[in-house]
Amino acid sequence: MAATLVWFRNDLRLADHPALTRATERGEAVIPVFIWASEEEGDWPPGGAHRWWLHESLHALDTDLRSRSSRLILRSGPSLDTLRALIDATGAEAVYWNARHLPALHARDAEVRDALEADGIAVRTFASRILHHPDAVETTSGGPYHVFTPFWKKLRSQLEVAEPLPVPRLGERRAPASWPESASLDDFDLTPVEQDGVDWAEAMRAEWTPGEAGAQDRLEHFIEEALIEYPTERNRPDKRGSSMLSPYLHHGELGPRQVWHAVNAWVHNGAMREAADVFLSEIGWREFGYHMLHHYPDLPMEPLKAKFADFPWRDDAEALERWQRGQTGFPIVDAGMRQLWALGWMHNRVRMIVGSFLTKDLLLSWQNGARWFWDTLCDGDLASNTLNWQWVGGCGPDAQPFFRVFNPITQGEKFDPDGTYVRHWVPELTELPDAYLHKPWEAPAEVLTEAGVTLGSTYPEPLVDHAEARERALDAYQTVRSS
């Protein structure tokens, strides 16, 4: 019996998986394959938190497949060589996959397709990663959009989102007579090694359930419990107002079409429509990231606004490390960086705060932040990570103006007014009164003593004076503003 290979990548689900569905329709055996070839991802191979999630997600996908009399074949090595070896071993006549929209992988996939077709293999690729093709949306004068609002307005006006595909029927009649050899998932060495008895992934395991079932549970919970209040609660890190779907979308355990239709199916009145539209604009921002990366493949390291190539960023390894470790002396910043380290995720409002602090208070480049987030985020999506960091650094498409400098004190007081978020992630400040929680250096000595806080010992002195740092940032901006 002939066979079709389905090449899984970051689309680790069974529902709404066009390549898998169409492969089953061929009437042949279907062999799901995942190839670990991180060196093919160019300068941005998966980071540490990403790798942990990938390990868990691949295990969940294999379990789901086995419950349907199938399995996931794991291999490592160059993708083209590996696919050819599997074709030789199975007699496969076709290879199907869902497209990825990253510069290095776009070129890799084109090479693989051309080579396999030259071998006489039928190759088909499908869209499932994003809702639109990046070339399909243009400004009225032609070319890509640089501003989100008109981009999203244009995309929504022409967007027709097809209904998600159900899980295809696999079963014994879609299994090959014999399965090809598979590597062990442990061979990929994706999980972090405990050091000095510290389990780096402990908090991630407690928070997340990687895999398609976990993705559906998270989506359903968000729609039922939090979506109606999303327009206001999304900015409160002390509340569970975020969807927390980004890791599932990044690894493809959930597709954007599934989110789109689930959210729209929930709408029954005007208030629901407003909340749904606010949330769906976040899906739009994700689309905008892919739109920009497609048209400007150098964005991960080069600012869109050319004048920022000469921006006088500082080089301060100690300050960067204190920011990375959540030891800046600014509680809301430290809480965010510690949440990132523990969960592989950070609340979006706090991402903006810590990003502004890095690029403006510390005057360290946005590329430093992008690299650190890439290694520590479970949802380290190159398009979104790049867009967000260029936004906060003032140098990208539709960016926050560089002269807008977030005050970490007032941001903390506004969005974490009761200190719930800070007290959770910066427990050494738990006993500090609300009035001083976001600015402990202003607390009288007796208040610090009573709270068990010793600045410079139990909690660091502030790394900078925010007012002075703001002026320094604005002075630096003047050097490139007119160029």
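Computed values, structure above
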| quantity | calculated |
| --- | --- |
| Breaking point among (1) under 23 Å from Asp381 (Cβ atoms); (2) in a loop (DSSP other than H, G, I, E, B); (3) of a type outside the set (Asp, Glu), for Trp152 | (2) |
| Selection within the range 75-130 - in a loop (DSSP other than H, G, I, E, B) and within 30 Å of Gln258 (Cα to Cα) | Ala99, Arg100, His101, Leu102, Ala127, Ser128, Arg129, Ile130 |
| Hits in the range 348-407 (condition: farther than 21 Å from Ala104 by Cα and among the aliphatic types (A, V, I, L, M)) | Val350, Met352, Ile353, Val354, Leu358, Leu362, Leu363, Leu364, Val392, Ala399, Val405 |
| Matching residues, the range 108-137, being over 14 Å from Trp7 (Cα atoms), free of Cβ contacts under 8 Å to residues at least 24 places away in the same chain and either surrounded by 13 or more Cβ atoms within 10 Å (Cβ to Cβ) or under 22 Å from the mean Cα position of the chain (by Cα) (or both) | His133 |
| Check on Glu274, outside the structural domain of Met352 (by TED's automatic domain parsing) and among the charged types (D, E, K, R) | yes |
| Qualifying residue in the range 280-300 (condition: at positive phi and either part of a loop (DSSP other than H, G, I, E, B) or within 25 Å of the chain's Cα centre (by Cα) (or both)) | no |
| Flag for Arg314 being in a helix (DSSP H, G or I) and either in contact (Cβ under 8 Å) with a residue 40 or more places away in the chain or closer than 15 Å to Leu362 by Cα (or both) | no |
| Index of the failed condition, Gly329 passing every other in (1) touching a Pro at 6+ places or on another chain (Cβ under 8 Å); (2) surrounded by 21 or more Cβ atoms within 10 Å (Cβ to Cβ); (3) at pLDDT 95 or above | (2) |
| Answer residue from the range 247-277, given it is among the small types (Gly, Ala, Ser) and not in a helix (DSSP H, G or I) and is farthest from the chain's Cα centre (by Cα) among those | Gly255 |
| Test: residue in the range 112-122 that is hydrophobic (A, V, I, L, M, F, W, C) and under 23 Å from Arg71 (Cα atoms) | yes |
| Residue list for the range 1-45, filter: of a type in the set (D, E, K, R) and in contact with an Asp or Glu (Cβ under 7 Å, 6 or more places away or on another chain) | Arg13 |
| Some residue of the range 343-351 being surrounded by fewer than 24 Cβ atoms within 10 Å (Cβ to Cβ), hydrophobic (A, V, I, L, M, F, W, C), part of a helix (DSSP H, G or I) and at pLDDT 95 or above | yes |
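To keep it simple, each residue is scored yes or no on (1) surrounded by fewer than 17 Cβ atoms within 10 Å (Cβ to Cβ); (2) touching a strand residue (DSSP E or B) at 6+ places or on another chain (Cβ under 9 Å); (3) in contact (Cβ under 8 Å) with a residue 60 or more places away in the chain; (4) not basic (Lys, Arg).
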site: Gly252; (1), (2), (3), (4): no, yes, yes, yes
site: Arg257; (1), (2), (3), (4): no, no, yes, no
site: His261; (1), (2), (3), (4): yes, no, yes, yes
site: Gly284; (1), (2), (3), (4): no, no, yes, yes
site: Lys307; (1), (2), (3), (4): yes, no, yes, no
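Residue-wise test of (1) more than 30 Å from Gly396 (Cα to Cα); (2) assigned by TED's automatic domain parsing to the domain that holds Arg13; (3) touching a Leu at 6+ places or on another chain (Cβ under 6 Å); (4) crowded, with 16+ Cβ neighbours inside 10 Å.
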{"site": "Gly142", "(1), (2), (3), (4)": "no, no, no, no"}
{"site": "Tyr145", "(1), (2), (3), (4)": "no, no, no, yes"}
{"site": "Pro150", "(1), (2), (3), (4)": "no, no, no, no"}
{"site": "Lys153", "(1), (2), (3), (4)": "no, no, no, no"}
{"site": "Glu163", "(1), (2), (3), (4)": "yes, no, no, no"}
{"site": "Arg169", "(1), (2), (3), (4)": "yes, no, no, no"}
{"site": "Glu172", "(1), (2), (3), (4)": "yes, no, no, no"}
{"site": "Val193", "(1), (2), (3), (4)": "yes, no, no, no"}
{"site": "Ala201", "(1), (2), (3), (4)": "yes, no, no, yes"}
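The values are calculated or read from the model by the stated rules, or taken from the named source; none is laboratory data. Everything numeric here is computed off the predicted structure, so don't read it as measured data. Note: ideal-geometry Cβ built from the backbone for every residue, glycine included; neighbour counts use all protein chains shown.
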